[in-house]
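Colleague: Supplied in C-alpha coordinates, the structure appears directly below.
The values are calculated or read from the model by the stated rules, or taken from the named source; none is laboratory data. These figures come from a predicted structure and were not determined experimentally. Neighbour counts run over all protein chains shown; Cβ positions are idealised from the backbone, glycine included. Ligands, DNA and RNA are excluded from the accessible area calculation, which covers all protein heavy atoms including side chains. Shrake-Rupley method; radii C 1.70, N 1.55, O 1.52, S 1.80 Å.
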Amino acid sequence: QVLDGVGAGIIGTLYILITNDLSSGTGRFSLLLGITTSSMCLGGTFSGYIGQSIAQDYGYDVAFAFQGFLSLIPGFLYYFFIPETLPDYARPKPNKRRRRLSQFLRALAKQKEKSFASVNSFLRKSSRSSRSDTSKDT
(Lines give C-alpha, C1' and ligand atoms only; values in the text may rest on other atoms or scores of the structure.)
Protein backbone atom coordinates (compact mmCIF):
# COMPACT_ATOMS: atom_id res chain seq x y z
CA GLN A 1 0.00 0.00 0.00
CA VAL A 2 2.89 2.33 0.71
CA LEU A 3 4.42 1.66 -2.72
CA ASP A 4 1.03 2.17 -4.34
CA GLY A 5 0.65 5.54 -2.62
CA VAL A 6 4.16 6.68 -3.53
CA GLY A 7 3.72 5.56 -7.14
CA ALA A 8 0.35 7.29 -7.43
CA GLY A 9 1.81 10.49 -6.01
CA ILE A 10 4.71 10.47 -8.44
CA ILE A 11 2.58 9.61 -11.47
CA GLY A 12 -0.08 12.12 -10.45
CA THR A 13 2.46 14.90 -10.34
CA LEU A 14 4.48 13.93 -13.38
CA TYR A 15 1.61 13.57 -15.79
CA ILE A 16 0.47 17.11 -14.99
CA LEU A 17 4.00 18.44 -15.54
CA ILE A 18 4.39 16.55 -18.81
CA THR A 19 0.98 17.76 -19.97
CA ASN A 20 2.01 21.33 -19.14
CA ASP A 21 5.28 20.97 -21.07
CA LEU A 22 3.59 19.49 -24.13
CA SER A 23 0.81 22.05 -24.26
CA SER A 24 2.79 25.16 -23.36
CA GLY A 25 1.94 28.09 -25.59
CA THR A 26 -0.99 26.37 -27.30
CA GLY A 27 -3.82 27.31 -24.94
CA ARG A 28 -4.93 23.67 -24.87
CA PHE A 29 -3.72 22.63 -21.42
CA SER A 30 -7.19 21.76 -20.12
CA LEU A 31 -8.03 19.71 -23.19
CA LEU A 32 -4.78 17.75 -23.03
CA LEU A 33 -5.13 17.28 -19.26
CA GLY A 34 -8.63 15.84 -19.80
CA ILE A 35 -7.32 13.45 -22.44
CA THR A 36 -4.44 12.23 -20.28
CA THR A 37 -6.69 11.86 -17.21
CA SER A 38 -9.22 9.87 -19.23
CA SER A 39 -6.43 7.68 -20.60
CA MET A 40 -5.15 6.97 -17.10
CA CYS A 41 -8.63 6.04 -15.88
CA LEU A 42 -9.26 3.76 -18.86
CA GLY A 43 -5.84 2.16 -18.37
CA GLY A 44 -6.59 1.47 -14.72
CA THR A 45 -9.95 -0.08 -15.59
CA PHE A 46 -8.67 -2.28 -18.39
CA SER A 47 -5.59 -3.24 -16.40
CA GLY A 48 -7.71 -4.65 -13.58
CA TYR A 49 -9.96 -6.53 -15.98
CA ILE A 50 -7.09 -7.98 -18.05
CA GLY A 51 -5.09 -8.88 -14.94
CA GLN A 52 -8.05 -10.66 -13.36
CA SER A 53 -8.78 -12.59 -16.56
CA ILE A 54 -5.18 -13.73 -16.99
CA ALA A 55 -4.84 -14.62 -13.29
CA GLN A 56 -8.00 -16.69 -13.43
CA ASP A 57 -6.89 -18.64 -16.52
CA TYR A 58 -3.10 -18.83 -16.12
CA GLY A 59 -2.28 -17.89 -12.53
CA TYR A 60 -0.98 -14.84 -10.72
CA ASP A 61 2.63 -15.25 -11.85
CA VAL A 62 1.73 -14.98 -15.53
CA ALA A 63 -0.65 -12.08 -14.87
CA PHE A 64 2.00 -10.17 -12.93
CA ALA A 65 4.66 -10.77 -15.60
CA PHE A 66 2.31 -9.80 -18.43
CA GLN A 67 1.18 -6.59 -16.78
CA GLY A 68 4.75 -5.77 -15.80
CA PHE A 69 5.70 -6.08 -19.47
CA LEU A 70 2.76 -3.90 -20.50
CA SER A 71 3.83 -1.21 -18.04
CA LEU A 72 7.22 -0.94 -19.78
CA ILE A 73 5.63 0.14 -23.07
CA PRO A 74 4.68 3.67 -21.92
CA GLY A 75 8.15 4.08 -20.43
CA PHE A 76 9.79 3.31 -23.75
CA LEU A 77 7.32 5.55 -25.57
CA TYR A 78 8.14 8.45 -23.25
CA TYR A 79 11.86 7.85 -23.54
CA PHE A 80 11.95 7.75 -27.34
CA PHE A 81 9.09 9.99 -28.45
CA ILE A 82 8.57 12.77 -25.88
CA PRO A 83 10.87 15.69 -26.67
CA GLU A 84 13.14 17.29 -24.08
CA THR A 85 11.54 20.52 -22.88
CA LEU A 86 14.28 21.74 -20.56
CA PRO A 87 15.95 24.84 -22.05
CA ASP A 88 19.65 24.64 -22.88
CA TYR A 89 20.60 27.27 -20.30
CA ALA A 90 19.01 25.21 -17.50
CA ARG A 91 20.78 21.94 -18.29
CA PRO A 92 23.62 21.02 -15.95
CA LYS A 93 27.11 21.34 -17.35
CA PRO A 94 29.27 18.20 -17.23
CA ASN A 95 31.89 18.47 -14.55
CA LYS A 96 35.30 16.82 -14.20
CA ARG A 97 33.99 14.00 -12.05
CA ARG A 98 31.40 13.04 -14.66
CA ARG A 99 33.98 13.19 -17.44
CA ARG A 100 36.34 10.97 -15.49
CA LEU A 101 33.54 8.51 -14.80
CA SER A 102 32.57 8.36 -18.48
CA GLN A 103 36.22 7.86 -19.47
CA PHE A 104 36.52 5.05 -16.92
CA LEU A 105 33.36 3.39 -18.22
CA ARG A 106 34.59 3.62 -21.82
CA ALA A 107 37.92 2.04 -20.82
CA LEU A 108 36.07 -0.70 -18.97
CA ALA A 109 33.93 -1.40 -22.04
CA LYS A 110 37.04 -1.63 -24.24
CA GLN A 111 38.64 -4.04 -21.78
CA LYS A 112 35.49 -6.13 -21.78
CA GLU A 113 35.51 -6.28 -25.59
CA LYS A 114 39.16 -7.38 -25.58
CA SER A 115 38.50 -10.12 -23.05
CA PHE A 116 35.50 -11.38 -25.02
CA ALA A 117 37.56 -11.37 -28.21
CA SER A 118 40.29 -13.44 -26.57
CA VAL A 119 37.75 -15.91 -25.18
CA ASN A 120 36.09 -16.22 -28.60
CA SER A 121 39.42 -16.85 -30.33
CA PHE A 122 40.30 -19.48 -27.71
CA LEU A 123 36.94 -21.19 -28.20
CA ARG A 124 37.36 -21.19 -31.98
CA LYS A 125 40.83 -22.69 -31.71
CA SER A 126 39.68 -25.35 -29.26
CA SER A 127 36.67 -26.27 -31.41
CA ARG A 128 38.90 -26.55 -34.50
CA SER A 129 41.37 -28.77 -32.67
CA SER A 130 38.59 -30.99 -31.33
CA ARG A 131 37.19 -31.35 -34.85
CA SER A 132 40.58 -32.30 -36.24
CA ASP A 133 41.06 -34.81 -33.39
CA THR A 134 37.74 -36.50 -34.13
CA SER A 135 38.45 -36.62 -37.87
CA LYS A 136 41.77 -38.38 -37.17
CA ASP A 137 40.00 -41.02 -35.08
CA THR A 138 37.62 -41.99 -37.90
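Colleague: Probe 1.4 Å, all protein chains in place: accessible area of ASP21 in Å², nearest 10?
Modeller: 70 Å²
Colleague: If I model a spin label at PHE46 and ARG99 as a point 7 Å from the Cα along the Cα→Cβ vector, what separation in nanometres do I get?
Modeller: 4.9 nm
Colleague: How many Å² of accessible area per residue for the stretch 1-74, probe 1.4 Å?
Modeller: 77 Å²
Colleague: Keeping all protein chains in the complex and leaving out DNA, RNA and ligands, what accessible area do you get for SER115 with a 1.4 Å probe, in Å² to the nearest 10?
Modeller: About 50 Å², ignoring ligands and nucleic acids.
Colleague: Round to the nearest 10 and report in Å² the accessible area of TYR49, as given by a 1.4 Å probe over the protein chains' heavy atoms.
Modeller: Estimated to the nearest 10 Å², TYR49 gives 150 Å².
Colleague: Moving on to the next point. When the accessible area of the stretch 1-53 is computed with all protein chains present and a 1.4 Å probe, what percentage of it is carbon and sulfur?
Modeller: 69 percent
Colleague: Between THR36 and ALA65, what's the calculated FRET efficiency when r is the beta-carbon distance and R0 is 25 Å? Round to 0.05.
Modeller: Result of the calculation: an efficiency of 0.40.
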